[in-house]
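Written out below as structure tokens is the structure these notes cover.
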Amino acid sequence: METPVILKTNIKGKIKEYFAVHVGKLHTDLGIIDLDELRTKSFGDLICSHLGAEFVIQKPKAPDFFKYVKRTGAPMMPKDIGVIISYTGLCSSDHVLDAGTGSGILAIYLGGIAEKVVTYEIREEFMEVARQNFCLAGLSNIELRHGDIAVEIQGLDEKFDVITLDTMDASKAIPHVPGVIYPGGYLAVYSPFFEQAKEVREAIEKTKFTDVTTIETIEREISFTARGTRPSTSRVGHTGFITIARY
Ligand SMILES: C[S@@+](CC[C@H](N)C(=O)[O-])C[C@H]1O[C@@H](n2cnc3c(N)ncnc32)[C@H](O)[C@@H]1O
């Protein structure tokens, strides 16, 4: 798998960007870019289309993978990922257990920080897309495993610092979290609905967790126009509730 780049241009103050993998020709409305030329270039250099449009070459970061890689379903939004990273204090020595993998967006953010991420996906056809996404992100510390987390967690003989669950049936895995989490470790569960969040809280209450909190993050982008400055009228609505618990 070739490595991707972001190609960015500024046309009369308007930014246009492309997510491109280092091979072949990229057809844009500003001309064709010969991506093979990237082999002799570095991040920050310019590359030109056959029509002379100049693009700066940038290194992709996790938000670019959120925006551009193939999806098998709804990935977690950066605002919610940020909450998980900050509330669990995720750090470079951490081992993380994640499920379900989905498109692998949360795992890509986690893998960019933690030492190791083990992620479980129940649907094999989704695993192939996630595998390609991890490869594009250049992350070799993410181990993708097949299986139902509620079952697989019972047979694990590893321990983790942080456990992230983003599956509709997360509450079924929660009773088994104590067997695989280090004392002081964090569990973070994402629930799109109140009903699910309640099931998660009930499962957590039956187990030996402390410091349990469930939150929703509201993101408001500020729009700057000639008419005035205000919160954008086209904003991201509800995504999910995040429950954080410490063991
Ligand atoms: C909402 S998506 C996860 C998105 C992911 N966090 C991301 O950021 O791309 C939920 C995924 O969990 C998988 N899944 C559902 N139940 C599961 C289970 N019990 N064990 C493992 N994976 C499961 C689904 O197939 C789906 O791909």
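If a residue must be assigned to a strand (DSSP E or B) and basic (Lys, Arg), how many such residues does region 204-227 contain?
Of the residues in region 204-227, the ones assigned to a strand (DSSP E or B) are 210-215, 222-224.
Narrowing the set further to residues that are basic (Lys, Arg) leaves none.
Total meeting the criteria: 0.
Say whether the condition of being surrounded by fewer than 14 Cβ atoms within 10 Å (Cβ to Cβ) and of a type in the set (Lys, Arg) is met by at least one residue in region 185-202.
Going through region 185-202, the residues surrounded by fewer than 14 Cβ atoms within 10 Å (Cβ to Cβ) turn out to be 193-195, 202.
Checking which are of a type in the set (Lys, Arg) leaves us with none.
Within region 185-202 (the criterion being surrounded by fewer than 14 Cβ atoms within 10 Å (Cβ to Cβ) and of a type in the set (Lys, Arg)), the answer is no, since none of the residues qualifies.
How many of the residues in region 2-24 are closer than 13 Å to Lys59 by Cα, modelled with pLDDT of 90 or more and open to solvent by 30 Å² or more (accessible area, probe 1.4 Å)?
So the answer is 5.
What pairs can you find where one residue is in region 146-172 and in contact (Cβ under 8 Å) with a residue 60 or more places away in the chain, the other is aromatic (Phe, Trp, Tyr) and more than 12 Å from the ligand (Cβ to nearest atom), and their Cβ atoms are less than 8 Å apart, with a gap of 6+ or different chains?
Partner pairs satisfying both residue conditions: Lys159/Tyr182; Phe160/Tyr182; Asp161/Tyr182; Asp161/Tyr186; Val162/Tyr186; Ile163/Tyr186.
Would you please name the residue that is least open to solvent (accessible area, probe 1.4 Å), looking only at residues in region 219-240 that are closer than 12 Å to Lys79 by Cβ and at pLDDT 90 or above? Outline the logic, then answer.
Of the residues in region 219-240, the ones closer than 12 Å to Lys79 by Cβ are 219-221, 235-240.
Filter once more, keeping what is at pLDDT 90 or above: 219-221, 238-240.
Details: Glu219: 84, Arg220: 154, Glu221: 125, His238: 98, Thr239: 23, Gly240: 0 Å².
Among those residues, the one meeting the criterion is Gly240.
What number of residues within region 136-145 satisfy the criterion of being within 13 Å of the ligand (Cβ to nearest atom) and free of Cβ contacts under 8 Å to residues at least 40 places away in the same chain? Steps first, answer last, please.
The first filter runs over region 136-145 and keeps only residues within 13 Å of the ligand (Cβ to nearest atom), leaving 137, 142, 144-145.
The next check asks that each one be free of Cβ contacts under 8 Å to residues at least 40 places away in the same chain; those that pass are 142, 145.
Matching residues across region 136-145 total 2.
Does Ile85 satisfy being within 29 Å of Lys14 (Cβ to Cβ) and open to solvent by less than 60 Å² (accessible area, probe 1.4 Å)?
On the way: within 29 Å of Lys14 (Cβ to Cβ): no; open to solvent by less than 60 Å² (accessible area, probe 1.4 Å): yes.
Against the criterion (within 29 Å of Lys14 (Cβ to Cβ) and open to solvent by less than 60 Å² (accessible area, probe 1.4 Å)), Ile85 does not qualify.
For Ser92, only one of the following conditions fails: (1) more than 13 Å from the ligand (Cβ to nearest atom); (2) open to solvent by 30 Å² or more (accessible area, probe 1.4 Å); (3) in contact with a helix residue (DSSP H, G or I) (Cβ under 6 Å, 6 or more places away or on another chain). What is its number?
It fails just one condition, (3).
The values are calculated or read from the model by the stated rules, or taken from the named source; none is laboratory data. Because the structure is a prediction, the values reported are computed rather than measured. Because the Cβ atoms are built from the backbone with ideal geometry, glycine has one as well, and the counts that use them run over all protein chains shown. The area values use the complete protein model at the heavy-atom level, side chains included, leaving out ligands, DNA and RNA. Shrake-Rupley method; radii C 1.70, N 1.55, O 1.52, S 1.80 Å.
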